[in-house]
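Here the structure is laid out as structure tokens; the discussion comes afterwards.
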Amino acid sequence: MTSNPCFECGMCCQYFRVSFYHGEIAGNRTGTVPEELTTRVSTHLACMKGTEKGGEPCVALRYTPEEGYRCSIYEKRSSTCRSFNVLNDDGTPNQDCQKLQLIAKQKKQQGLGCK
Ligand code: SF4
Ligand code: SF4
């Protein structure tokens with residue numbers, strides 16, 4: 001597998017409620033996220049299906065032993081997904097990402113790593 005830690009981790013797509021402004025849904029002017037993969041949360045917010053309560057994988061997350069975790073709508077993902085990265089904008093490590101990578105490693109050691 002490549003050195004991209006996200007392919008072996010995938011944890012931020014399985015941990016948070018991934019919510020965003022509903023205008024990011026495809027068909028809403030500049031929106032891109034496929035509507036059928038979203039759940040309405042409030043008047044102005046939607047979230048990725050599967051992540052409504054947190055602690056469950058996003059419906060768009062895929063896993064194969066060969067490629068690891070991948071986002072099946074990568075080019076169409078929301079700004080929320082785009083803003084959570086291994087590094088912060090200033091190049092420093094994202095502490096929340098590091099914590100999640102640790103959780104992913106622990107789950108893997110317990111044989112719970114792959115969905
Ligand atoms: S928690 Fe970090 S390493 Fe894991 S998938 Fe998300 S951004 Fe990538
Ligand atoms: S849309 Fe893609 S990047 Fe965003 S939470 Fe789902 S799988 Fe992860």
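Those residues that are surrounded by fewer than 19 Cβ atoms within 10 Å (Cβ to Cβ), free of Cβ contacts under 8 Å to residues at least 24 places away in the same chain and not charged (D, E, K, R), I need them from segment 17-30; list them, please. Correct list: 23, 27, 28, 30.
Results for (1) surrounded by 13 or more Cβ atoms within 10 Å (Cβ to Cβ); (2) within 14 Å of ligand 1 (Cβ to nearest atom), shown as yes or no for each residue.
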residue: 3; (1), (2): no, yes
residue: 11; (1), (2): yes, yes
residue: 15; (1), (2): yes, yes
residue: 33; (1), (2): yes, no
residue: 36; (1), (2): no, no
residue: 42; (1), (2): no, no
residue: 50; (1), (2): yes, no
residue: 60; (1), (2): yes, yes
residue: 67; (1), (2): no, yes
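Evaluated against (1) part of a loop (DSSP other than H, G, I, E, B); (2) more than 10 Å from the chain's Cα centre (by Cα), residue 59 falls short on exactly one condition, (2). Take the residues in segment 69-95 that are assigned to a helix (DSSP H, G or I) and free of Cβ contacts under 8 Å to residues at least 24 places away in the same chain; name whichever of them is nearest to ligand 2 (Cβ to nearest atom). Among those that are assigned to a helix (DSSP H, G or I) and free of Cβ contacts under 8 Å to residues at least 24 places away in the same chain, it is 74.
When the test is whether a residue is of a type in the set (A, V, I, L, M) and under 14 Å from residue 24 (Cα atoms), residue 41 passes it. Filtering segment 17-27 down to residues that are over 17 Å from the mean Cα position of the chain (by Cα) and outside any helix (DSSP H, G or I), which residue is nearest to ligand 1 (Cβ to nearest atom)? My answer is 26.
Results for (1) within 12 Å of ligand 2 (Cβ to nearest atom); (2) on the phi < 0 side of the Ramachandran plot; (3) in contact with a Cys (Cβ under 7 Å, 6 or more places away or on another chain), shown as yes or no for each residue.
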site: 8; (1), (2), (3): no, yes, no
site: 22; (1), (2), (3): no, yes, no
site: 35; (1), (2), (3): no, yes, no
site: 38; (1), (2), (3): yes, yes, yes
site: 41; (1), (2), (3): no, yes, yes
site: 50; (1), (2), (3): yes, no, yes
site: 57; (1), (2), (3): yes, yes, yes
site: 66; (1), (2), (3): no, yes, no
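When you scan segment 28-48, how many residues do you find that are part of a loop (DSSP other than H, G, I, E, B) and closer than 14 Å to residue 80 by Cβ? Count: 4. Against the criterion of being within 13 Å of ligand 1 (Cβ to nearest atom), under 18 Å from residue 21 (Cα atoms), at pLDDT 95 or above and surrounded by fewer than 19 Cβ atoms within 10 Å (Cβ to Cβ), residue 82 qualifies.
The values are calculated or read from the model by the stated rules, or taken from the named source; none is laboratory data. For clarity, every value in this text was computed on a predicted model and none was experimentally measured. Virtual Cβ from ideal backbone geometry, glycine too; neighbours counted across all protein chains shown.
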